[in-house]
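Heads up, the thing below is written out as structure tokens.
Bear in mind that the values in this text are calculations on the coordinates, not laboratory data. Every value quoted in this text rests on a predicted model; they were computed, and no experiment measured them. Because the Cβ atoms are built from the backbone with ideal geometry, glycine has one as well, and the counts that use them run over all protein chains shown.
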Amino acid sequence: MGTVDVEAVWRIESARIVAALTRFTGDFGLAEDAAQEAVAEALVSWPRAAPTDPAGWLMATARRRAIDAIRRRTALKDRYALLAADPAIDDDIDPDKIDDDVLALMFVSCHPVLSREARVALTLRVVGGLSSEQIARAFLVPVPTVQARITRAKKTIAAAGVPFEVPPVGERRERLAAVLSVLYVIFTEGSTATSGDRLLRPDVAYEAIRLARTLAALQPDEPEVHGLLALCELTAARFPARTAPDGSPVLLADQDRRRWDYSAIRRGLAALVKASAHGLGPYGLQASIAAAHASARSVEETDWDRIVVLYEALGRVAPSPVVELNRAVAVAMASGPAPALAIVDELIATDRLPGSYLVPTVRGELLARLGRRPEARAELELAARLCANQRERSVLLHKAAALD
Amino acid sequence: MSKYMLIMRGTDETNAAMMASIDELMATTRQFIEDTVKAGVFLAAEGLDDPGKGVVVDFSGETPVVTDGPYGETKELFGGFFLLDVASKEEAVEWAKRVPAVRGSKIEVRRVPEDDEVPQDSESSGRV
């Protein structure tokens with residue numbers, strides 16, 4: 001009785017506490033340090049005597065630590081004297097302001113002055129409330145690496161004089177795109193692990209979904225936020241069917257669709273409706289493609305013509321060779337392998353995806369469907385050599401061997 | 001991460017107390033839901049009507065028997081739920097503590113198992 005889990009409270013409160021403290025002190029790095037000190041104190045003192053209001057305790061303690069730090073600084077620089085002399089600032093959080101402050105926190109954590117790795121680490125730490133250990137585990141990097149990234153990021157933000165604010169209207173779109181891209185990087189790490197021997201890491205993907213939901217609640221009028229959320233929900237809905245019991249990947253065509261998470265699909269489709277208000281952006285288009293799959297009972301019953309159109313639209317708003325390759329796959333399903341092979345060969349001729357195992361994977365599949373088996377086999381073997389994920393590599397070799 | 005259902009359990013007394021301060025309770029509940037939405041953990045929530053207006057379908061006999069609610073011997077009545085998508089059981093418990101509830105009521109915290117945790121039929125598995 002009476003035990004309070006520090007980590008659980010911190011997960012719920014971290015963004016609000018760091019946001020409020022940054023507003024209070026004007027110093028993001030100091031706010032984050034003070035909040036971490038409060039967590040460290042809670043880990044020591046709560047098991048002995050649990051506070052009746054754990055969230056309030058964390059906020060008050062972090063605030064005290066922030067004031068201590070300012071006092072130390074004042075002694076050195078004789079600044080902030082007024083602030084430090086008046087620690088009786090209202091503890092009540094104004095709900096309207098705190099929402100803007102949490103939003104500002106997301107924008108600061110994803111600021112363009114930071115490296116991509118730093119943005120990811122900082123966002124998970126200050127907005128998501130994850131510890132360095134948890135972030136290290138999520139991205140399969142050593143704990144000191146994460147700590148160094150966060151320390152450096154805070155210095156960079158201070159040195160660049162990044163203001164703690166929701167960006168002005170003129171910059172808003174571009175800065176929001178940066179936030180969305182950080183969340184998508186986190187999601188992708190969970191949905192197609194770039195390293196390690198596991199195909200999926202749902203815990204990592206979950207963090208991205210959670211952050212995307214927060215962002216959607218705070219920026220409800222931004223269609224692409226809902227587009228990203230829809231894309232994440234609809235993609236994660238397929239997780240239960242994406243791996244076989246032995247951990248090997250199961251391709252979309254072979255997935256047992258009864259195992260898809262239909263409540264996640266429903267949430268994804270609802271988010272997609274909100275994303276579609278004024279024409280779809282890149283995330284909304286990708287979500288629409290995921291929705292076309294999610295709404296089909298089988299590969300055969302999938303509306304491939306619609307998917308081709310969506311890939312064409314995506315290729316216009318966010319051109320990329322990966323989109324072209326996916327369009328080729330959709331064209332193969334809608335119109336047969338020959339026109340699809342032409343798209344892939346064009347990609348190869350222009351060398352737009354050098355070294356990617358995906359190009360020979362798709363080319364191999366198309367050649368196999370055209371009955372050109374020896375060529376297909378050579379392509380799949382090439383794909384296996386280029387593929388870094390062990391699980392996927394063995395699937396490719398298996399397919400190549402079946403073409404003998 | 002896991003889904004947890006926070007199940008509200010009340011008695012006749014807590015239900016009466018709830019109705020006495022229903023406006024305030026509705027407002028605090030809306031605030032609680034808003035907090036969970038902004039924390040990115042909200043999935044669903046529903047509150048149920050007066051148990052006296054419900055019926056019970058009883059499978060004790062050969063065929064189901066329908067009787068008017070409430071529930072005979074049952075002391076604690078299911079009044080509604082919140083479905084949350086959280087990182088841990090501890091976090092679900094922490095949210096449960098914040099649910100606006102009248103004194104004397106209880107909240108049961110139950111996990112929704114993942115698809116692959118549901119026990120497979122031992123007869124069919126292992127044969128293929």
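Using Cα positions and a limit of under 26 Å, work out the lysines in reach of B:LYS106, with same-chain residues fewer than 8 apart set aside. By straight Cα distance, B:LYS106 reaches B:LYS3, B:LYS38, B:LYS53, B:LYS75, B:LYS89, B:LYS97. Dipole check for the protein assembly as shown: with +1 at the C-beta of Lys and Arg, -1 at the C-beta of Asp and Glu, and the Cα centre as origin, the magnitude is about 1760 Debye.
Each stretch of four or more DSSP H residues adds -39500 (n - 2.57); spread over every residue of chain A, this sum gives -22500 deg cm²/dmol at 222 nm.
The spread of Cα positions in chain A, taken along each principal axis and listed from longest to shortest, comes to 81, 44, 39 Å. 3J(HN,Hα) along region B:42-58, derived from phi through the Karplus expression 6.51 cos²θ - 1.76 cosθ + 1.60 where θ = phi - 60°, amounts to 6, 10, 6, 7, 8, x, 9, 5, 3, x, x, 8, x, 10, 10, 9, 9 Hz, with x in place of Gly and Pro.
Phi angles of region A:108-121 translate, via the Karplus equation with coefficients 6.51, -1.76, 1.60 and θ = phi - 60°, into HN-Hα couplings of 5, 5, 10, 5, x, 5, 8, 5, 4, 4, 5, 4, 4, 5 Hz per residue; Gly and Pro are given as x. Checking every one of the GluC sites (Glu not before Pro) in region A:231-324 against DSSP loop status and a limit of 10 other Cβ atoms within 10 Å picks out A:GLU300, A:GLU301.
Test of the criteria: in region A:9-72, which trypsin sites (Lys or Arg not before Pro) are in a DSSP loop and have at most 15 other Cβ atoms within 10 angstrom of their Cβ? Filter output for region A:9-72: A:ARG48. Overall form of region A:136-232: oblate. Here a/c, set by the Cα gyration tensor axes a ≥ b ≥ c, is 1.5 or more, and a/b is not larger than b/c. Remark: region B:2-114 is approximated by an ellipsoid whose semi-axes, taken from the C-alpha gyration tensor as √(5λ), come to 27, 19, 11 Å, largest first.
Per residue, the convex hull spanned by the Cα atoms of region A:1-73 measures out at 75 cubic angstrom.
Under the shape rule built on the C-alpha gyration tensor, where the axes satisfy a ≥ b ≥ c, region A:361-404 is prolate, since a/c reaches at least 1.5 and a/b is greater than b/c.
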